[in-house]
Amino acid sequence: MTDFKHILVDIPRPGVSRITLNRPESRNALNNTLRGELYGQLEANDRDAEIRVTILRGAGKAFCAGYDLKANNRADQPFHTAGGDGNWARHVVDGFFRVWDLAKPVIAQVHGYCLAGGTELATSCDLVYVAEDASIGYPVVRSMSPPDNQFFPHLLGLRNAMEMMLTGNAISGIEAAEQGFANRAYPADSLEAAVLDIAERIAKVPSDLQQMNKRAVHRQMELMGVRAAIRSGTEIQALAFHTESTKAHFKELAAGLTTALTSRDEKFGDYRTKEKDA
């Protein structure tokens, strides 16, 4: 058994591997150590004849609150992406497509906060099931940039995506299922059992056939331009880093992460500021 620092791996049903992001103290924020372990295990599952489907979930109170802003995410990246301006955006999109291009299905089991890079991780999976009271959003648009992965218009449509991008507001799990981010929403205490039942049904289909079923859907999306569109979005994200507002926010982050994020959200009364008032 491999010793991991930031993930847990178990086999809850025959043919089903489950990866748990295990940084609950930071709401499973994605640093490069966690990302390297995650991608490595997903790729190991893709090579393992005994595994037919993978579930991805988070430990503690959240699925994933995004990328770890306390870490140096430019250092020790888990795989090579060409350097230069926009490296980070291109790098995380490369990670998105590493999951997209796996032969075997991956299911995201989302509860609590699913924010920023957490939304990108969830949408790289083939199926997404959420707790009804989950909170899904991209608050980074308020102070830094649009998403690295421009999947929102493809999944949610023009109007819903535009509202999220112009406000940074979160949607609930119920809204996520209604708008197309997720397949279905379940009561929080029913989510795990529901996801296990779905994974078990998927595992009954042979992997050599299942990979064709998965690719058939993806190829249609790619013919509609989703792969080129998401990659082109990295250029806008990189350009946003040169705006005066983003430069000012980076200075605030350097002075103190909690203070900077509170300053970002307090006028909206949500995310960490909502918790503080509760």
### Message
In region 169-278, if the dipole is taken from +1 on Lys/Arg beta carbons and -1 on Asp/Glu beta carbons about the Cα centre, which of A240, G180, A170 is farthest to the positive end?
### Response
A240
### Residues of type lysines that K5 reaches as a straight line, Cα spacing below 21 Å, ignoring anything fewer than 8 places off in the same chain
K61, K70
### Message
Can you tell me the length gained on complete extension of the stretch L209 to D3, counting 0.36 nm per residue apart and subtracting the Cα distance?
### Response
70.9 nm
### Task
Evaluate the relative contact order of the chain (contact order divided by residue number), counting alpha-carbon pairs under 8 angstrom at least 6 apart; express in whole percent.
18 percent
### Query
Taking neighbour counts of Cβ atoms within 10 Å as a proxy for exposure, in what order, fewest first, do R13, R27 appear?
R13, R27
### Message
If I model a spin label as a point 7 Å beyond the Cα along the Cα-Cβ vector, how far apart are those points for R272 and T243 in nm?
### Response
2.1 nm
### Summary
Taking a ≥ b ≥ c as the square roots of the eigenvalues of the Cα gyration tensor, with a/c under 1.5 meaning rounded and otherwise prolate when a/b exceeds b/c and oblate if not, region 114-173 is rounded
### Query
Alpha carbon centre of region 167-239 versus region 126-142: separation in Å?
12 Å
### Task
Just check region 86-152 against the gyration tensor rule for me: Cα atoms, a ≥ b ≥ c as the square roots of the eigenvalues, rounded for a/c under 1.5, and otherwise prolate or oblate depending on whether a/b exceeds b/c.
oblate
### Task
Quickly work out the A254-to-M221 label distance, labels modelled 7 Å from Cα along the C-beta direction, and quote it in nm with one decimal.
3.8 nm
### Query
K204: which lysines have alpha carbons under 28 Å from its alpha carbon, excluding same-chain residues fewer than 8 sequence positions away?
K104, K214
### Query
Under the classification rounded if a/c is under 1.5, otherwise prolate if a/b is larger than b/c and oblate if not, where does region 14-164 fall, given a ≥ b ≥ c as square roots of the Cα gyration tensor eigenvalues?
rounded
### Message
Test of the criteria: in region 1-86, which GluC sites (Glu not before Pro) are in a DSSP loop and have at most 13 other Cβ atoms within 10 angstrom of their Cβ?
### Response
E50
### Message
Of A103, T119, G84, which is farthest towards the positive pole of region 72-183's charge dipole, taken about the Cα centre with +1 and -1 on the beta-carbons of Lys, Arg and Asp, Glu respectively?
### Response
G84
### Peptides 61-70, 201-210, 226-235 ordered by average Cβ neighbours within 10 Å, highest first
61-70, 226-235, 201-210
### Query
What is the magnitude of the charge dipole of the chain about its Cα centre, with +1 placed on the Cβ of each Lys and Arg, -1 on the Cβ of each Asp and Glu, and no other charges, expressed in debye to the nearest 20?
280 debye
### Task
Starting with the highest mean, order 107-116, 125-134 by the number of other Cβ atoms within 10 Å, averaged over the residues of each peptide.
107-116, 125-134
#### Entry: Axial C-alpha extent at least 15 Å, average Kyte-Doolittle at least 0.0 - helices from the chain (DSSP)
191-203, 226-240
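No lab work stands behind these numbers, since they all come straight from the coordinates. What you see is a predicted model, and the numbers here were worked out from it, not measured in a lab. Ideal geometry is used to build each Cβ from the backbone, glycine not excepted, and the neighbour counts take in all protein chains shown.
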